[in-house]
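What follows is a set of notes on a single structure, which appears directly below.
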Number of protein chains: 4
Amino acid sequence: MDDQKKLTRAEQKARRPVQILDAAFEEFVERGYVATRVEDIASRVGVTKGTIYVYFETKEQLFEAMIRHISVPLEELLASSNEIKGTAAERLQKRIELIYDLIIKDRKLRELIRFVIAEGSRFPQIVDRHHDIFIDPLERQMQSLLDEGIKNGEFRPTPAAFSDAVIAPAIAFLVFKLIFEDRRILDRDTYLKAHVDLILHGLCEPAPR
Amino acid sequence: MDDQKKLTRAEQKARRPVQILDAAFEEFVERGYVATRVEDIASRVGVTKGTIYVYFETKEQLFEAMIRHISVPLEELLASSNEIKGTAAERLQKRIELIYDLIIKDRKLRELIRFVIAEGSRFPQIVDRHHDIFIDPLERQMQSLLDEGIKNGEFRPTPAAFSDAVIAPAIAFLVFKLIFEDRRILDRDTYLKAHVDLILHGLCEPAPR
Amino acid sequence: MDDQKKLTRAEQKARRPVQILDAAFEEFVERGYVATRVEDIASRVGVTKGTIYVYFETKEQLFEAMIRHISVPLEELLASSNEIKGTAAERLQKRIELIYDLIIKDRKLRELIRFVIAEGSRFPQIVDRHHDIFIDPLERQMQSLLDEGIKNGEFRPTPAAFSDAVIAPAIAFLVFKLIFEDRRILDRDTYLKAHVDLILHGLCEPAPR
Amino acid sequence: MDDQKKLTRAEQKARRPVQILDAAFEEFVERGYVATRVEDIASRVGVTKGTIYVYFETKEQLFEAMIRHISVPLEELLASSNEIKGTAAERLQKRIELIYDLIIKDRKLRELIRFVIAEGSRFPQIVDRHHDIFIDPLERQMQSLLDEGIKNGEFRPTPAAFSDAVIAPAIAFLVFKLIFEDRRILDRDTYLKAHVDLILHGLCEPAPR
DNA sequence: CATGAATGAGCCTTCATTCAT
DNA sequence: GATGAATGAAGGCTCATTCAT
């Protein structure tokens, strides 16, 4: 009993930083960086203001740490899609499906985008970081898939920046979700189907007239 | 010089609200709603804090008025595209070009989107308004263009929500511009070409294998 | 018609100061000196802020003028009681009745007392003035009535400051009216009767035991 | 000197609310509710503005708490008079003496009346409270003393509201003290003597003529 | 480590007063 | 005389941060 309590306490302490980061995420999401009060974050954890400052020097550093905390490199998030075998088209489709699933299930990912848009000018590092671990890998992955498909004749040759256009519907979907929250319901399957339909057709040589 | 002195009180007063709204736009863009100080808006106009309150009751109402001030209905913005004649494909392409031009030239439009994303939860009305005068007309216009093209055989039949996918690359382009500001240069022509290339191919019947 | 209009306008202007003083009275009563806004006084008159300053230099001077405006010397108010003939007791009773009527009907008198109590430390002159035209005459009148009654054997000899005690129930009645406004109803006749009953008995020689 | 240093944080904190309430009393007395600045209250305590808000949510709540702080039920204040034995007249006189002593010594009681008169319309609760713990008990106590005296033949039968008339001279004395502060000196003994003289005579059957 | 009292800089808003028209 | 735009000095309240316990 005593043992367990000690353990629990020790564990508690070890978890504090993460608890704080999670609480910070919720509060910053709800009110934005400036309007969020350190005290509210503390309350959410069940501690007092001072405790936050034991673990983080300033509200600003806490915010940055929170952003890092929720920024998981895209590769990890899409790891399962690397195992997929099949045609380039099949793999492309699978990857896009995973992205929609991510957008829908991963609230932290979604809100990360909001932070990048809303607080980007205040925290330029998060923009850069976001580009490096997110946008850039995403474009690269897409591009390499396209290249494979083109090389093996599945896809027609495409102009520069085509990969951006290919993932754009998913980005627009994400932005719509950010904007409308729960005020408008966006059906994943409908959007996914339209998306896949567009790009798979868009990658084919058109029929001769 | 003479110009300024010529302004009568009445003229000055008539311009004040717009001056303030313009200044407010700049400040709110730079710092976001919460971090913007009414005094900074006043300084930018060249008046003192109190003057702002002669024209707007609260900072909140000033923000909302500013949003209304910069929210021009999409129809107006795309008015010139209504005169275009030609095939559905030609008109679709023209309209998309106009959207890119709008995104690039109309900073107010761009920042409006940022406000919608960043302050939407604080100002739900701006989200609804934005949907009504922007998103919705955009989707309708696109959809009716698609419908025409499908009816006259130019385009293949498409699934639901396809119009969203069709404009998505422009939206993604806008979001990228918001996120990267001037830190990364996005070439309009490259993106536009990829966009048009994708959707025009995506609307054709694929060639038989 | 023209004549009349001109006259009316001229009259209007001549009345302005009084209109303002009356409006000031209402506003100062409602909110007290500090919380009253010059603009509200102006609105009540139907003019704008600036106009007030045409007639009064500062809010402070306006307040003082308003106080003077409502401070009618007690002699005037009790003029009718001077004509009374009869025994000292009869005249005493009559005078007290008049005081109760005054308290009930003259809201300005009542509120003047409130101003003296509430704003006296801010405006010491009004306290002095109030003493000179109100308290002091009241005490003198009472005292001379008492003296007459004592001289002619109607009343027993009384100690110093007895006149204050004699009018005290009316003062207490006034204070109660100030405190409770309309929240508690104080019946004039009941109080008056108790008052007169007390002092007429109190002025007689007691019966031997 | 040593005393102050000895105060632990905990002790300091325990005293703070009372320190603040006492300081608030002084400032509110000096300037009235509206004109008093929270910062001045803080200075008087020797802390800064923010500290006041650690203990009281708003200036308004601080004022109300201050009023409660100085509102001691009348029973407590007149407790010693309950032990008095003697005739009704003796007890009545004793009680009145205590009231004068209270008025003279208890500045908080006096100023409470001023607050009730001056701020009553802004804080109706304090008026009601004041009636319940002050006016009403006072009237009841007086009335029951009168009733006793009447029952045992000491006093003649009296009309309704007579008890109000009986205490009125003390109330008038209090009001005079409020109005004239130290600008006019009111001699307690003179007023008390006149008061007692009036009511004791006023309660006797008059001598036959 | 955790607490929470205290600080002090800061910001929104109000309002008496001025003055050009 | 009347107006009302503009000023600027306050003042209520907030909150990140510190530090003694």
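The values are calculated or read from the model by the stated rules, or taken from the named source; none is laboratory data. Please read all numbers here as calculations on a predicted model, not as lab measurements. Cβ sites come from the backbone with ideal geometry, for glycine too, and all protein chains shown count toward neighbours. The accessibility values were calculated without ligands, DNA or RNA, using every heavy atom of the protein model including side chains. Shrake-Rupley method; radii C 1.70, N 1.55, O 1.52, S 1.80 Å.
Assorted remarks:
- Spatial separation of Cα centroids for the range B:60-78 and the range A:15-40, in angstrom: 32
- Exposed-loop-free span, longest in chain C, where GluC sites (Glu not before Pro) count as exposed if DSSP calls them loop and at most 14 other C-beta atoms lie within 10 Å: C:58-180
- Gyration tensor verdict on chain B (Cα atoms; rounded if a/c is under 1.5, prolate if a/b is larger than b/c, oblate otherwise): prolate
- Rounded to the nearest 10 degrees, the angle from helix C:2-35 to the longest Cα principal axis of chain C is 60 degrees.
- With all protein chains modelled, accessible area of residue B:121 [1.4 Å, Å²]: 90
- Simple point charges give the picture: +1 on the Cβ of Lys and Arg, -1 on the Cβ of Asp and Glu, and for the protein assembly as shown a dipole about the Cα centre of about 480 debye.
- For the range C:74-202, the residue among C:98, C:142, C:178 whose Cα projects farthest onto the positive side of the dipole built from Cβ charges is C:178.
- 3J(HN,Hα) along the range D:106-112: 9, 4, 5, 4, 4, 5, 4 Hz, from the Karplus curve 6.51 cos²θ - 1.76 cosθ + 1.60 with θ = phi - 60°, whole Hz, x for Gly and Pro.
- Overall shape: prolate for the range D:2-70, with the ratio a/c of the largest to smallest alpha carbon gyration tensor axis at 1.5 or above and a/b above b/c.
- Against the main long axis of the alpha-carbon atoms of chain A, helix A:162-180 sits at an angle near 40°.
- Whole-angstrom gap from the range B:143-196 to the range D:142-197, using each part's C-alpha centre: 91
- Crossing angle, helix B:88-105 versus chain B [Cα axis fit, 0-90 degrees, rounded to tens]: 30
- Rounded FRET efficiency, nearest 0.05, which uses the C-beta distance separating residue D:34 from residue A:148 and R0 of 51 Å: 0.10
- All lysines inside 20 Å of residue C:151 as judged from Cα atoms, apart from same-chain residues fewer than 8 positions distant: C:85, C:94
- Distances between copies at residue D:43, taken between label points 7 Å from Cα along the C-beta direction, are 2.8, 3.3, 3.3 nm in increasing order.
- Most fluctuating residue given options A:29, A:54, A:196, as computed from a GNM of chain A linking Cα atoms under 10 Å: A:54
- Taking all Cα pairs closer than 8 Å and separated by 6 or more residues, the relative contact order of chain C comes to 18 percent.
- Around residue D:71: net Lys/Arg minus Asp/Glu count, Cβ-Cβ under 15 Å: -4
- For the residues D:183, D:16, D:156, a GNM of chain D with alpha-carbon springs under 10 Å puts the largest fluctuation on D:183.
- Here is how far apart the residue A:152 label points are across copies: 4.0, 11.8, 13.1 nm, shortest first, using a point 7 Å from Cα toward Cβ.
- Report summary: the helix-based calculation at 222 nm, which adds -39500 (n - 2.57) for every DSSP H run with n ≥ 4 and divides by the residues of the protein assembly as shown, gives -23000 deg cm²/dmol.
- Choice from D:159, D:169, D:137 showing the highest fluctuation, given a GNM over chain D with Cα pairs closer than 10 Å: D:159
- Net charge of neighbours whose Cβ lies under 12 Å from the Cβ of residue C:138, counting Lys and Arg as +1 and Asp and Glu as -1: -3
- Nm distances between copies for residue C:79, ranked from closest, using label points 7 Å along Cα→Cβ: 5.6, 7.5, 10.2
- Per the axis that maps chain B onto chain D, nearest residue of B (Cβ criterion) and its distance in Å: B:58, 10
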